[in-house]
Amino acid sequence: GGCGGCGGGGMLPLAPPPIPGPNTPWTYGQAKGSSAAMGMGGKGDAKGKGKSGGFGGKGEFGGKGGMGNQAGMGGDVPGTHSNVFVGNLPDGISQEAVEQAFAPFGAVQSCFVMSKAGRTYGFVKFANVPSATRAISSLNGKSGWLVKFANNDMSAGKGGAGGLGAAGAASAPKVKHSNLFVGNLQEGTQDSQLFEVFAPYGSVKSASVRTKGDQIYGFVEYVRVEEAERALGAMQGPACPPGWVVKFANWDTGLSDWNEAVPHSNIYVGNLPPGFSDAQLKQACSPYGTVESAFVKNDSSTGRTYGFVKFTTNAAARRAISDMDGRNDWVVKVANNDSWGAGGKGYGGKGWMDGWVWQPPSGRDEPDRNDRPEGPPSDNLYVKDLPPGISEQEVTSTFSRYGQVMECRVLRWDSASSCAALVRMANTEQAMAAKAATDNTIHPSCSKMLTVANQQKNGAEVEDHCYVKGLHCTTLPSQLEDLFSRFGTVKWSKILPTPFRPNSSNVPDYAGLVQMESPEQCRAAIANLNGTMSVGLGTPMSVRFAEAKASGGRTDTAPNNNLYVKGWPVGFPEFLLQHEFQAHGNVIRLRVLDNPDPDQPTCAALVQMSRVEEATKAVQELHGKTVNITRLPPMRVKYAGRDQTPSENLYVTSLPRTITEDQVRQTFAKYGELQRIKMLNQPGRPETHVLVQMSSPHLAAQAIGELDGTLPVFRGPTLSVQYAMKRDGQR
């Protein structure tokens, strides 16, 4: 598939600035900046669709580039607000001097200057977008200043923007929460010091100091919103340590204990007093965050009164459960599903209220493998019945064993269904080899470590019952029975429902129960299966040649100097990608596109080379190539939990979105077998966090000492590079 292409009419830079090298330090999600020239895209409509999602008009950005023959989609891009970032300011420059420099271009609503780690920069808020555009056009580069649109808009009140200023410091966030951001921390500041400063204003749930590049900052989470508001008010006065900037965090997150993590933001509240109303329940839960809905049910048949509360964020639900459970004899816990009363759809034999369990696509115990005709042998493969949440990188890795993968595209129907993929190999022979080797096999990502033990019931072991953890969500009941049949007669077996559906950023492990004919057979199964990797559990893939395209379909793109790139990891800076293309010619423009699906860990990019010959060389050299990223931001490894108490549980941050569970295991391999890994992928965020359970506190301490601040095991992205579609829709 292609994308909206590169139009004419854009002014080319006379002297493109030098780009940073591949070893330049960077951080996940750092500002894209102008790694090539600013001025991509025709006059895209930020509200709706861009004309072609391509390059073109002077200094104007089009919408997000579409896939295939789709037009680009509009988005929140520079030029849609009037907030300007000013970098490379001289030391000691005053706010008044900056404001005077920008005043000739329009009405300045606010101006803010700050220094951090030896850098001085500021933000200027204009009354309208044209004024900001004129200022950027005139001042960028003068006196060495870097002037560009800020990453985020800000209110007209005095304060910072872009995440570092005091942006209306006393104003509350749109979604009420109790997480505070603390900027401008001094080197050496510890979590405990942060805790001590904020503890007088309420119950601090977590306090964490973080480092990103040369920036040192922290987050403080209170139990209740009013406590965060009280602390924020106090930090506007003399109680605030010198230089610290305190505001509400942009996101309602926080460091939670492994056992406190919740899969969604809907909670169940039981043992309510008779006659309790919806409004009373909402009022009781509002101190923990924004409540979207509250519903109370009075069951006259049992005399029970209970309710469900839907918060805007998972963190608010977690805080409510932690603080309210047991108070007034209430039972407060995560609900069985994310929206009360919703029934299961698509795959899944039960509604959400009863729990969700995987069912194969045909509704039987084996997938239907003959619902579409197979095309003649070619280099194109159609892969069905891939597990939910699989990434293009995982599919590419599987098929790369049999040749060069030229293109891979994962097709998703919804967040819980099996996926399909289109895979194009370098030639028909490689496609035939891949098909023969992978058809009717289970994708390696389904392999999980099994934990098998006797079932516990009422505090005692059931000697002939096996409880199995670590099953992939696509494991079929017949496969579970076959696995245990190797050790005796299976009386019955079942996959236990999970309280929430999997999605592309949260595919949970499942559990199962198996009754053997005798305790001896049960012990044999436990001895042979516990701690082993599952083999043969999961829905088999169907791999076939793709159907031949009908006549009159899409033709190959004529070579041109505009390229469409897929597979770039979310959160990685543009200059790393530009460095790859700069090796094959002069990059005139490059723009990384936001992925409209926040669950996806990769995105696309538009690249314009100076000549067609350079673009052709880049396609030949980079298409299907795995890029070796030599320098990643260092990962952070610390003990899990708000108190950082030494234990076997670790919390790992600053990891790439495309890192796999297997790569995490390799990173920690020298410290023994990992007991558990929980990937905490947050849609739309530029990095991944992981919870890791080691086999002992001693090994956890060793891992922290040796891994914190180092690079994880990581395989770089595999790129798909094609000529872009022309603006008129022709190839």
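Tabulated results
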read-out	value
Residue list for segment 102-120, filter: of a type in the set (S, T, N, Q) and touching a residue at least 40 places away in the same chain (Cβ under 8 Å)	Gln109, Ser110
The one condition in (1) out of contact with any Pro (no Cβ under 7 Å at 6 or more places or on another chain); (2) open to solvent by 50 Å² or more (accessible area, probe 1.4 Å); (3) at pLDDT 90 or above that Gln236 fails to fulfil	(3)
Complete set of residues in segment 96-111 that are under 15 Å from Asn83 (Cα atoms) and surrounded by fewer than 16 Cβ atoms within 10 Å (Cβ to Cβ)	Ala103, Ala107
Total residues in segment 634-657, condition open to solvent by less than 10 Å² (accessible area, probe 1.4 Å) and more than 25 Å from Val204 (Cβ to Cβ)	3
Residue match in segment 247-259 (condition: in contact with a helix residue (DSSP H, G or I) (Cβ under 6 Å, 6 or more places away or on another chain), surrounded by fewer than 16 Cβ atoms within 10 Å (Cβ to Cβ) and assigned to a loop (DSSP other than H, G, I, E, B))	no
Leading residue by the ranking (surrounded by the fewest Cβ atoms within 10 Å (Cβ to Cβ)) among those in segment 516-543 that are hydroxyl-bearing (Ser, Thr, Tyr) and under 27 Å from Thr441 (Cα atoms)	Thr532
Segment 288-314: number of residues that are of a type outside the set (Phe, Trp, Tyr) and outside any loop (DSSP other than H, G, I, E, B)	14
Per-region count, segment 397-413, residues under 12 Å from Ala431 (Cβ atoms) and part of a helix (DSSP H, G or I)	2
Considering residues of segment 90-143 that are of a type in the set (Ser, Thr, Tyr) and in contact with a helix residue (DSSP H, G or I) (Cβ under 8 Å, 6 or more places away or on another chain) only, the residue farthest from Asp214 (Cα to Cα)	Ser131
Near pairs, Cβ below 9 angstrom, 6+ apart or cross-chain, from segment 694-719 (more than 24 Å from Val410 (Cβ to Cβ) and open to solvent by 20 Å² or more (accessible area, probe 1.4 Å)) to any residue that is in a loop (DSSP other than H, G, I, E, B) and of a type in the set (D, E, K, R)	Ser695/Glu648; Ser695/Glu673; Ser696/Glu648; Pro697/Glu648; His698/Glu648; Leu699/Glu648; Leu711/Arg631
Residue within segment 620-631 that is under 22 Å from the mean Cα position of the chain (by Cα) and within 23 Å of Gly470 (Cβ to Cβ) present	no
Where a residue in segment 609-634 is farther than 30 Å from Thr653 by Cβ and its partner, wherever it lies, is surrounded by 16 or more Cβ atoms within 10 Å (Cβ to Cβ) and of a type in the set (Val, Ile, Thr), with Cβ under 6 Å and at least six apart	Ser610/Ile588; Val619/Val721; Leu622/Val721; His623/Val721; Gly624/Val405
Checking Glu648 against (1) in contact with a strand residue (DSSP E or B) (Cβ under 9 Å, 6 or more places away or on another chain); (2) under 29 Å from Ile390 (Cβ atoms), the condition it does not meet	(2)
Pro497, sole failed condition from (1) open to solvent by 40 Å² or more (accessible area, probe 1.4 Å); (2) modelled with pLDDT under 90; (3) out of contact with any helix residue (DSSP H, G or I) (no Cβ under 8 Å at 6 or more places or on another chain)	(3)
Residue tally, condition closer than 26 Å to Gly571 by Cβ, among the basic types (Lys, Arg) and either open to solvent by 60 Å² or more (accessible area, probe 1.4 Å) or in a loop (DSSP other than H, G, I, E, B) (or both), over segment 112-154	1
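The values are calculated or read from the model by the stated rules, or taken from the named source; none is laboratory data. Note that this is a predicted model, so its numbers are computed, not measured. Every residue, glycine among them, receives a Cβ derived from its backbone with ideal geometry; neighbour counts consider all protein chains shown. Heads up: the accessible areas ignore ligands, DNA and RNA and are worked out on the full protein's heavy atoms, side chains in. Shrake-Rupley method; radii C 1.70, N 1.55, O 1.52, S 1.80 Å.
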